[in-house]
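Structure first, then comments.
The values are calculated or read from the model by the stated rules, or taken from the named source; none is laboratory data. Just so we're clear, the structure is a prediction, and the values are computed from it rather than from any experiment. A quick note on method: Cβ atoms are made from the backbone with ideal geometry, for glycine too, and the neighbour counts reach across all protein chains shown. Calculation scope for accessible area: heavy atoms of the full protein, side chains included, ligands and nucleic acids excluded. Shrake-Rupley method; radii C 1.70, N 1.55, O 1.52, S 1.80 Å.
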Amino acid sequence: MNRIEPVLKAILIEGLQKVREWFLRKNVSYLRSIFDQVGFIDIDEMADIYYVPPYSLTSEIIYPIKMKNFRLDEVRSKTCHEILIQHHSFNDDYLAGLPVNSLLFLLEKFGGTVPADGDSTISIFDMYKIMGAKAIVRLNRETLKHEQGNLIINIDLSGIQKFIYNIVSRGALKNLRSRSFFIELLCSHAVNRVINSFNLHQVNGLINGGGNVKILSSKPSNHKELLDNIDRDMNLWLSEEFNGRLNLVLTSLETSDSDINGDISKLLNKISTESFIKKNMKFDSLIQRGELPFVDKEDPGFQRCEICGKDFTFQAGQKEAEHEKSLWCAFCDKLVRLGTIIPKTKYIYISEKNINRSSQIKVEDTFYFLSDKKRSDLQCAWVIFEDRKDFHDDLAISENILFARNYIVKNEMLLKNVREQIEEKEKEFKARLKKSEDSQEKQWLRDEIESLSDEHPAMLEHLANSAEGAKLIGALRMDADNIGKILYKGFYGNATLEKVSSFSRNLNYFFKLYLESTFKPDRIQQREKKRLIHVIYAGGDDLFALGTWNDIAELSLCIGEAFGKYTCQNIDLGLSAGFTIHKPKFPVSKMADLSLAALNHSKENRDPCWFCRKEWIRCPIFRNGECLRKDSVTPFFTEYKAALKYRLDKEFILKYSSEPSRLKLSFRRKRFIKELQRVEDEVEKFIVKPLKIFTANNVLQRRSGFMHNVLNMLEVWYSDGLIYLPKIAWLLQKQREELQRIIEEDTKESMYDLYDQHLHLATPRMLSALHIPLSWAILLMKEGGKKR
């Protein structure tokens, strides 16, 4: 690594000098968004171009701007001022005095939105990052006598979903969040194992997200042996520690210099295919060596972990009494304890021994110590990204940044009346603690008191009590659509190393950096309240979140809208979502399972082929006459509705019928209507617009009986295909005078006319979807209606 730093430092300084030159230049071109350079429709040369505003990297989401306008110049001037005041205009002396990792961060922060000379499709950061990666490969050939050619190394962590969501009981919320953090740590640990073994640097990472990493490397003569050793060591540890739930898949592909200097899409496709094959041969390398323990060395313990359900025995030196109150296995016990530490963590240090049991976690033979303070006695492996001016100063002590700080609702953020309930419970527990003489009860009370503190993540019970209307919890799963197909076949022009790296980086930003900005109050977006949501997992392109049902419902729609704006309204970049609602004591693992079923329902919501390409039969998202674009949301999913829809569609819809389904569960943000040759937003038309009408003017309580009656009639429609329209007309007539007095602001029509359009005059397509906005409105009426 010492030989690498001087070479890499010179390259990074040159990149920052290019950034300085661009900001000082009078006339400049701006960076074209990477999401405007991918897709599956034929290129329209007349289409407008989306440009990236040259902001510095922050946690606030940066939306591309359609066509050049004055806002780009305003942002450029503001960022230029930031460089001048905070970073001495990147003068040569200032840059020369910075360590490599600070230089790399500054290049990413300011060069990631600035175009390279002569090419507005590539950022300066991606150009010089890849330049640095290639320089390290050449250096290894010269100094370490590595062979000619290159390697693309693929790291794939398999079993993430089952590992994270394998939670059944109390302590689940803290354990879930800790498991998500542990996955980030484990992936980063695996990357470091490869980087150290192959004498590389973090710049050699091409793709990193969702447990999948691709690294550009030189080719040591013993590269297969090096990878086999990492594979063996980590999988042996994983198999023993997690009973086979997690598995590391390592593959590599040998390439020439000419291969990596051109279109690499075929290379990525090939190595991903090899990784997929190996993933389906779980622990094969250990089995071939005869090292996979099929039978435990000792009989399973009689204890069963309350959280993950694992059978376990107490470790040597542990007292059984310590676990009588909870029966947690050692790993879950560790994660629950880390649950309150992780949100405050700023630095992750490496230690060869266990120096602090409550703040450390072990991966293989390495202890990682989590801290909110700098320490000079330990090596810092990662610094957690924070949106502050002096953040780059912290990088002098570390090798890399970790984007791992997800949004958590603390008790202090809850509603006033809920906080008062928590305070009363806290007083009760403290009084019991003073009187108690039982050591186990005392420890339990201390843990409960800690969970009620202001800084502690809010429990689901308290989140539910903070919901509007019904006191329920929402569970949301989201996943970006067809990302693999974009990487392998979706770039207009060549899929170069720089463009692939940029695509992965910017996609990662959305889920790991910008997501929090969609939860916060925002005057510009007319969002005055905080969203009470725990982000459990946000990977490279997917999300799992728990929160108040109404915030989850709103979030499922607004994140899709934000993702659309962020990806230049690219019709081929969708974000599918599904959410369910539950009582707060419902098992979290079942919430995860049901919300996943809702997400899968969204992913199966497809249209016939759009015929938007001349060579449509060769289109990567064409399959058996269907278009694989999804971009759907399935709200308020239940297994009952799914079964009902399956029965109705099977009995009443012919294979080639144009008739809509009688019951609609999934809604596309971009649905192509062949007859009209246009794209329709079903989310806006069938959910957002009717909901605004049903909840207008805050008079929900007076319409409660009316809406229940309509929903009951819809149940008959869904089951039998019959609806008694005179009854709807009669129900409307009873409220005619009141509804005619209320004028809707956007359309200037009376609420009576709007109700008549959406109920009495509704088309079959409108009726098939009407249960969603009606159910939403009815849930808002529960428990006395709106509370915040």
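Peptides 588-594, 205-211, 54-60, 642-648 ranked from most to least packed, by the mean per-residue count of other Cβ atoms within 10 Å: 205-211, 588-594, 54-60, 642-648.
Coupling constants for segment 246-261 follow from the phi torsions by the Karplus curve (6.51 cos²θ - 1.76 cosθ + 1.60, θ = phi - 60°), and in residue order they are 10, 9, 9, 10, 10, 9, 9, 9, 7, 9, 9, 4, 5, 4, 7, 8 Hz; glycine and proline get x. Per-residue Karplus couplings for segment 572-588, computed as 6.51 cos²θ - 1.76 cosθ + 1.60 with θ equal to phi - 60°, are listed in order as 9, 10, x, 10, 7, 8, x, 9, 10, 10, 8, 6, x, 8, 5, x, 4 Hz, Gly and Pro entered as x.
Shown for the chain: the carbon plus sulfur share of the solvent-accessible area, taken with all protein chains present and a 1.4 angstrom probe, equals 49%. I need the shape label for the chain. Rule: rounded when a/c is under 1.5, else prolate if a/b > b/c, else oblate, with a, b, c from the alpha carbon gyration tensor. Since a/c reaches 1.5 but b/c is at least a/b, the shape of the chain is classed as oblate.
With a Förster radius of 22 Å applied to the C-beta separation of L433 and E461, the computed FRET efficiency comes to 0.60. Note on segment 349-476: antiparallel DSSP beta bridges, both residues inside, total approximately 70 percent of the bridges counted.
Database remark: amide H of Q379 closer than 5 angstrom to the amide H of I350 (H placed geometrically; neighbours at sequence offset of 5 or more, or on other chains; Pro and chain starts carry no H). With helices as the sole contributors, the chain gives -13000 deg cm²/dmol at 222 nm; each DSSP H run of n ≥ 4 counts as -39500 (n - 2.57), and the sum is divided by every residue. The stretch between A696 and A729, if pulled fully straight at 0.36 nm per residue, gains 9.9 nm over its current Cα-Cα span. The modelled label-to-label distance for the pair N494/E274, using points 7 Å beyond Cα in the direction of Cβ, is 2.2 nm.
Skipping prolines and chain starts, which residues have an amide H placed within reach, meaning under 5 Å, of the one on E680, given they are 5 or more residues away or on another chain? Residues meeting the amide H criterion: R671, F672, I673.
Available extension along the chain between E5 and T638 is 222.3 nm, counting 0.36 nm per residue and deducting the alpha carbon span. Hey, what did segment 1-102 get for relative contact order, percent, Cα under 8 Å, at least 6 apart? Relative contact order for segment 1-102 comes out at 28 percent.
A simple rule links phi to the HN-Hα coupling: the Karplus curve 6.51 cos²θ - 1.76 cosθ + 1.60 with θ = phi - 60°, which for segment 174-180 gives 5, 5, 4, 4, 5, 5, 4 Hz, with x for Gly and Pro. Assuming a ≥ b ≥ c are the square roots of the Cα gyration tensor eigenvalues, decide whether segment 153-241 counts as rounded (a/c under 1.5), prolate (otherwise, with a/b larger than b/c) or oblate. Taking the square roots of the gyration eigenvalues as a ≥ b ≥ c, segment 153-241 is prolate. Using a Förster radius of 51 Å, what is the FRET efficiency between E615 and R446 based on their Cβ-Cβ separation? Nearest 0.05, please. The computed FRET efficiency comes out at 0.15. Ranked by the mean number of other Cβ atoms within 10 Å per residue, highest first, peptides 112-122, 613-623, 433-443 order as 112-122, 613-623, 433-443. Cα gyration tensor of segment 204-261, axes a ≥ b ≥ c as square roots of the eigenvalues: rounded (a/c below 1.5), prolate (a/b > b/c) or oblate? Here segment 204-261 falls in the oblate category. Ordering of 12-18, 575-581 by packing is 575-581, 12-18, highest average first (other Cβ atoms within 10 Å, averaged per residue). Of the GluC sites (Glu not before Pro) found in segment 742-774, those that fall in a DSSP loop while having at most 10 other beta-carbon atoms within 10 Å are E745.
Applying the criteria of a DSSP loop state and at most 13 other Cβ atoms within 10 Å to the GluC sites (Glu not before Pro) of segment 363-425 yields E386.
Per residue, segment 230-271 exposes an accessible area of 39 Å² to a 1.4 Å probe, with every protein chain left in place. Modelled spin-label separation between Y646 and N243, with each label point placed 7 Å from Cα along the Cα-to-Cβ direction: 2.8 nm. Volume of the convex hull of segment 24-122 (Cα atoms only), normalised per residue: 131 Å³. For I536, the residues whose amide H sits under 5 Å from its own are F544, A545, L546, ignoring neighbours fewer than 5 places away on the same chain, with H placed 1.01 Å from N.
With both labels modelled 7 Å from their Cα along Cα-to-Cβ, the E14 to E364 distance reads 3.4 nm.
If we count every other residue with Cβ under 13 angstrom of Y50's Cβ, Lys/Arg +1 and Asp/Glu -1, where does the sum land? Surrounding charge for Y50 is +3.
Restricting the chymotrypsin sites (Phe, Trp or Tyr not before Pro) of segment 716-766 to loop positions (DSSP other than H, G, I, E, B) with no more than 16 neighbouring Cβ atoms within 10 Å leaves Y724.
Note on R741/D48: beta-carbon distance plugged into 1/(1 + (r/R0)^6) with R0 of 45 Å gives a FRET efficiency of 0.50.
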